[in-house]
Structures are given as C-alpha cells and as structure tokens.
Amino acid sequence: MNREQLFDHISKLEADLRNMHENLETLKVHAVNLVEENVSLQMEKEHYETLVNNAEEKTDASFKHNTLKNLYDEGFHICNVHFGTHRHGGECLFCQGFLNQ
C-alpha cells in the first residue's frame, strides 16, 4: 500500500468515525426524549390509578350507604341496637342518626 492509499484509507476511517459520532449523538437525543416521555407517562399512570382508586372507594361507600338507606326505607332497623328487625312503621332515632353520619 503506497502513501496516497494509506492517507485515503485514514481519511475514510476519519469520515466514518465522524459519521458514527453524529449517529451516536442522535441516538443519545432520542434516548433522552424517550426516558423523559417514559417518566411523564409513569407519573400520569400513577395519577390515573389514584383517581380510579378514589372513585372506587367513593362508589363503595355510596353503595353501602344506599343499601342501608334502602333497608331503612323498606321498614327495617339499620342501627346496631335493633339491626334487621322490622320498625313497624315508626321512625328510629338511632337509625336516622346512623344515616346522617
């Protein structure tokens, strides 16, 4: 290999290295963007899960309250004193206090 071919080969290797370096920089930028997007999506997912859990808890509490209210409206006691017995049409202050809580 003569001197001119050697220098041509070295120049080509330098160009290839510059090209690889540019590609590496581009990959780094893409990787940073992906990591940032991933963190953002994880935070959004956690926020969504918190909202869903809170909604389920409220639904459960509302469902329990409505069930007890329905029992009371049907004429049964829901208080701890006479739970499940028939009220015989009268009002119970204990049951009403429990419903108002």
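Residues checked against (1) of a type outside the set (A, V, I, L, M); (2) within 30 Å of residue 101 (Cβ to Cβ); (3) surrounded by 10 or more Cβ atoms within 10 Å (Cβ to Cβ); (4) touching a residue at least 12 places away in the same chain (Cβ under 8 Å):
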{"position": "28", "(1), (2), (3), (4)": "yes, no, yes, no"}
{"position": "34", "(1), (2), (3), (4)": "no, no, yes, no"}
{"position": "39", "(1), (2), (3), (4)": "no, no, yes, no"}
{"position": "43", "(1), (2), (3), (4)": "no, no, yes, no"}
{"position": "56", "(1), (2), (3), (4)": "yes, yes, yes, no"}
For region 12-51, the count of residues that are at pLDDT below 95 and either touching a helix residue (DSSP H, G or I) at 6+ places or on another chain (Cβ under 7 Å) or among the hydroxyl-bearing types (Ser, Thr, Tyr) (or both) equals 3
Here the residues within region 68-101 that are in a loop (DSSP other than H, G, I, E, B) and acidic (Asp, Glu) are 74, 91
Within region 52-77, residues at pLDDT below 80 and either in contact with a strand residue (DSSP E or B) (Cβ under 9 Å, 6 or more places away or on another chain) or small (Gly, Ala, Ser) (or both) come out as 55, 61, 62
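The values are calculated or read from the model by the stated rules, or taken from the named source; none is laboratory data. Note that the structure is predicted; figures quoted are calculated from it, not measured. Every residue, glycine as well, gets a Cβ built from its backbone with ideal geometry; the counts of neighbours run over all protein chains shown.
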